[in-house]
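Down below is the structure, laid out as structure tokens.
The values are calculated or read from the model by the stated rules, or taken from the named source; none is laboratory data. Source: prediction; values computed, not measured. Cβ placement follows ideal geometry from the backbone for every residue including glycine, while neighbour counts extend to all protein chains displayed.
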Amino acid sequence: MKNPAERGAQAGAAELEVKEVLESSPTRDIVLVEGSSIPVYMVKSPQLTPAERAALSSLKEKLVDEIKIEPGKIPLEEREKVFVREGLKVIERVTKEIPSDRKKFLLELIANEMVGYGPLAPMLADDNLEDVMIIGLGAPVHIFHQKYGMCATNVYFRDEHSIMAIIDKASRDAGRRIDLRQPLIDSRMPDGNRLNIIIPPISLTGPILSIRKFKSTALSVLDLIKLGTLSTDSAAFLWLLVEGMGVRPANMLFAGGTGCGKTTTLGALSSFVPERERVITIEDAAELKLPHRHWIRLETRLPVEALEEVTVDQLVRNSLRMRPDRLIIGEARGLGIPTVFTAFSGHTGCMCTIHSNTTAEETLARLTRPPISVPELLISAVDAIVMQRRLLIKNKYIRRVTEIAEVVGVEGGKVKLNRTHKWNPGTDEIRQVDTPSLVLQQISELSGIPQKDILKELKRREEVLKLMLGREMDVFSVNRAIQDYYSDPDGALEVLERQRPPSESAKDI
Ligand SMILES: Nc1ncnc2c1ncn2[C@@H]1O[C@H](COP(=O)(O)OP(=O)(O)OP(=O)(O)O)[C@@H](O)[C@H]1O
Ligand SMILES: [Mg+2]
């Protein structure tokens, strides 16, 4: 086993002229440097005494000889632990002069290089990072930081072998193989991270690897409101659409550019799906985390060796036979897109994300024109399109739902839209536009509840969201409160009113 650092990953910190330190911690600094318009994320090398440094290199050789870890036999998350356990036996024998508390530290360093992700490990361990990407030979590894956006790092790979060693490890961990015959990987890793690899000759800048980090805690609808992605009134409106007052759950598309937060918004709004419903999710790489117990979770499969491919198409067909109340398709793409719309037609409560441009009109144009060419009639099975964007405002990335548009139907061969909400970049607010909602009108017609009462319900749900915002609630308690509201709206509202912080109640008087 070679280690990635020795194989050529280098820190280029010495070459950088730091202008300003934005943040500092024992493991990394985030700095602005001369000659770069984006911040640099500087991974700090651990401080070692000369004795420790000497012990480190001799230990590595001994450990390579003495510890054999067969990747297939030990689960990924156990490997580093097993390595450290076995390594402690060796270290006791070969070094006497290292204090015992430092022995474990040295072993962890070596384990990380040998069975972990070496120079990428500190970045993968940092919860503030959305992704980590090797962009090719001789270029710094780049990361996307939640607060600072795209940053370069001080980690470089100088030769192809050093990148390939990490790529081999990542693809093995994802249960996939990468070679000339299969030069691309798009897969989910056992820890939920999303892996994407492209090697030469397809990539012209050397092997590239991107790891999109999986967030173990999902964002709730309250988080989205706090982040400014949704307003309370747009969230309440989407609540009514998702639930449909039990008579007309809407078919919804969540559209926008890469990484704008489509899947997160879809996941957060799924808390509005009543618990009595059967939810089936279909994803290429499972990301969605739903709080529901009655949840059937399906993932597609690429053809791997003797195993046949399982497509979104097949899974949609099978799922419909299971009579789902909700069919949630992680992402509609490529050839699978028309099937998704077939599922929408004749069913309610289907939700799906789709990659698209910035407006609902553009989304429709992309769907209806070649090469996707979904027939207009199938598109009219969609009730609403939620457009989302990631924007760079005053050097800070923000994510906003920029538009909610209802699909009215087809007129003269063209799909007609009714925009109900729009984001105003001047005030940074998403507000209702004057046009009344047709979906709410349909709910009224189907349920027999007068329109004015539906609008009252909308206001009441907005009030529920506002009351919840005043409390510390994780995604599960948000879900619980919403489900409680379904069983007893007045009771749930009363509980929330009672729990309102005293300062807020006083303000209202
Ligand atoms: N509203 C939000 N505010 C801040 N960060 C968010 C928001 N929504 C999502 N994120 C973060 O942005 C990243 C991308 O989110 P997500 O996967 O939902 O985007 P996506 O549009 O589905 O991406 P893709 O195009 O790859 O499918 C994640 O790290 C997520 O935690
Ligand atoms: Mg997504």
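Things worth noting here:
- Residue in segment 291-303 that is touching a Phe, Trp or Tyr at 6+ places or on another chain (Cβ under 9 Å) and buried (at least 17 other Cβ atoms within 10 Å of the Cβ) present: yes
- Hits in segment 244-261 - residues which are more than 24 Å from S477 (Cα to Cα) and within 16 Å of ligand 2 (Cβ to nearest atom): M252, L253, F254, A255, G256, G257, T258, G259, C260
- The number of residues in segment 221-239 being of a type outside the set (D, E, K, R) and either surrounded by fewer than 18 Cβ atoms within 10 Å (Cβ to Cβ) or touching an Asp or Glu at 6+ places or on another chain (Cβ under 7 Å) (or both) comes to 5.
- The requirement of being surrounded by fewer than 23 Cβ atoms within 10 Å (Cβ to Cβ) and among the β-branched types (V, I, T) is not satisfied by I282.
- Each residue in segment 340-354 was checked for being more than 18 Å from W295 (Cβ to Cβ), without any contact (Cβ under 8 Å) to a residue 60 or more places away in the chain, crowded, with 19+ Cβ neighbours inside 10 Å and away from ligand 2 (no atom under 16 Å from the Cβ), and 1 pass.
- Qualifying residue in segment 311-332 (condition: within 16 Å of ligand 2 (Cβ to nearest atom), charged (D, E, K, R) and either touching a residue at least 40 places away in the same chain (Cβ under 8 Å) or crowded, with 21+ Cβ neighbours inside 10 Å (or both)): yes
- Residue satisfying all of: in segment 283-296; within 16 Å of ligand 2 (Cβ to nearest atom) and either in a loop (DSSP other than H, G, I, E, B) or at pLDDT 95 or above (or both); nearest to A332 (Cα to Cα) among these: D284
- Subset of segment 151-184 (residues that are in contact with a strand residue (DSSP E or B) (Cβ under 7 Å, 6 or more places away or on another chain), surrounded by fewer than 20 Cβ atoms within 10 Å (Cβ to Cβ) and closer than 18 Å to D284 by Cβ): R176, L184
- No other residue among L438, L364, L392 is within 30 Å of L129 (Cβ to Cβ) and either surrounded by fewer than 17 Cβ atoms within 10 Å (Cβ to Cβ) or of a type in the set (A, V, I, L, M) (or both) apart from L392.
- Among helices (runs of 4 or more DSSP H) entirely within segment 308-422, having at least 2 residues that are away from ligand 1 (no atom under 16 Å from the Cβ), under 22 Å from F272 (Cα atoms) and touching a helix residue (DSSP H, G or I) at 6+ places or on another chain (Cβ under 9 Å) singles out 312-321, 337-344.
- Here T217, T232, T264 are screened, and the one residue that is within 16 Å of ligand 2 (Cβ to nearest atom) and among the β-branched types (V, I, T) is T264.
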